1. Cut-off is 10 Å between beta-carbons; in what order do 67, 25 appear when sorted fewest neighbours first?
2. Under the 0.36 nm per residue contour assumption, what length would be gained going from the current alpha-carbon distance of residue 91 and residue 28 to full extension?
3. Take the alpha carbon gyration tensor of segment 23-107, find the square roots of its eigenvalues, order them as a ≥ b ≥ c, and report rounded if a/c is under 1.5; if not, report prolate when a/b exceeds b/c, else oblate.
4. Could you work out the relative contact order of segment 23-107, using alpha carbon pairs under 8 angstrom and six or more residues apart, expressed as a whole percent?
């Protein structure tokens, strides 16, 4: 009986990362512009989810990169992206960005 329990527990633990992957998307944000990105928002295109701010009040200077994770408890892959720079200019990406397919998102001048 303990062997069956251990096997069941091992299978359950192996399944955890697979279920977690469905609702988290990790990617690297690369800023090759001369301006600091002060806010980066994403919102799932499907389902009307809420807008999520990913930099959490920690800007990303030009020439730097940072690994970010979208955790929105959805199976969405396609997101709108809206970015605010230090001079209050912004970039509004109207095409879908598929964070399940791409693991790097780059801003450039």
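We did not get these values from a lab; they are worked out from the coordinates using the rules stated. Bear in mind that the values here come from a model prediction, so they are computed numbers and not experimental data. Glycine gets a Cβ as well: all are built from the backbone with ideal geometry, and neighbour counts include every protein chain shown.
1. Lowest count first: 67, 25.
2. Extra length from residue 91 to residue 28 when fully extended: 20.9 nm.
3. On the way: a/c = 1.85, a/b = 1.58, b/c = 1.17.
Here segment 23-107 falls in the prolate category.
4. 41
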